[in-house]
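Take a look at the structure below.
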Amino acid sequence: MSNFADFSDEQLVSAFRGGDERAGEQLLVRYKNKVLAVARRFFIVGGDTEDLVQEGMCGLYSAMTGYGGGVSFASYAHACIKNRIIDAVKRAHNNKNCALNGSSPLAEDGEGVAGGGFSPEEILIGTEAADELDGVMKNTLSALEYGALRMYIDGAATGEISAALGISYKQTDNALVRAKHKMRGALNM
């Protein structure tokens, strides 16, 4: 096990769990840019992106220790990283003394909110709206369509979604097209 660059993510996880710290270091290096990409989708008033990068790296480490197969490690790691960062942002809004106080998610287009971020009321309304939309998606879409659209919304590319769901690129593309069409109808857009 000398050249970890040739190992798959799953092989690196296995080696890391077997006690090889170098395999863990390789995974951390391999996913550093992915963590940074997720962290950049959020903005911290009075802080910096590095705080969220650290949270994301903790999420990656949790993925390395908690991965159980079933989906690709890349998909599992992405979910763990994103969830850890989102939890940090939520904690920041709930705890005025937290180092991440005042953080706000960026808009999907990557632009931050000018002039101090969102008020707690706006965050609560946004969270409720997101939960409501997720409920509409679950009730409107098939399991495949829901999974594909959920991953797409989270920033996964069609190829990544195909690999995670174990279906062809064309099947994934078709599921996304159907899901978008159904959601337009459900939301009367």
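The values are calculated or read from the model by the stated rules, or taken from the named source; none is laboratory data. A quick note: this is a predicted structure, and the numbers were derived from the prediction, not measured. Every residue, glycine among them, receives a Cβ derived from its backbone with ideal geometry; neighbour counts consider all protein chains shown. Ligands, DNA and RNA are excluded from the accessible area calculation, which covers all protein heavy atoms including side chains. Shrake-Rupley method; radii C 1.70, N 1.55, O 1.52, S 1.80 Å.
Considering only residues of region 143-154 that are open to solvent by 40 Å² or more (accessible area, probe 1.4 Å) and touching a helix residue (DSSP H, G or I) at 6+ places or on another chain (Cβ under 8 Å), which is modelled with the highest pLDDT?
L144
Spot the failing condition for K138; the list is (1) open to solvent by 80 Å² or more (accessible area, probe 1.4 Å); (2) modelled with pLDDT under 80; (3) within 25 Å of C80 (Cβ to Cβ), and only one is missed.
For K138, the exception is condition (2).
Show me the helices (runs of 4 or more DSSP H) found entirely inside region 7-112 where at least 3 residues are modelled with pLDDT under 90.
Of the helices (runs of 4 or more DSSP H) lying wholly inside region 7-112, those with at least 3 residues that are modelled with pLDDT under 90 span 21-39, 49-66, 73-94.
It is to be established whether one or more residues within region 68-84 are touching a Gly at 6+ places or on another chain (Cβ under 7 Å), surrounded by fewer than 18 Cβ atoms within 10 Å (Cβ to Cβ), under 20 Å from A156 (Cα atoms) and not hydrophobic (A, V, I, L, M, F, W, C).
The answer is yes; a qualifying residue exists.
Restricting to region 155-175, name every residue that is open to solvent by less than 30 Å² (accessible area, probe 1.4 Å) and either under 13 Å from H78 (Cβ atoms) or modelled with pLDDT of 90 or more (or both).
Within region 155-175, A156, I161, A164, T172, A175 meet the criteria.
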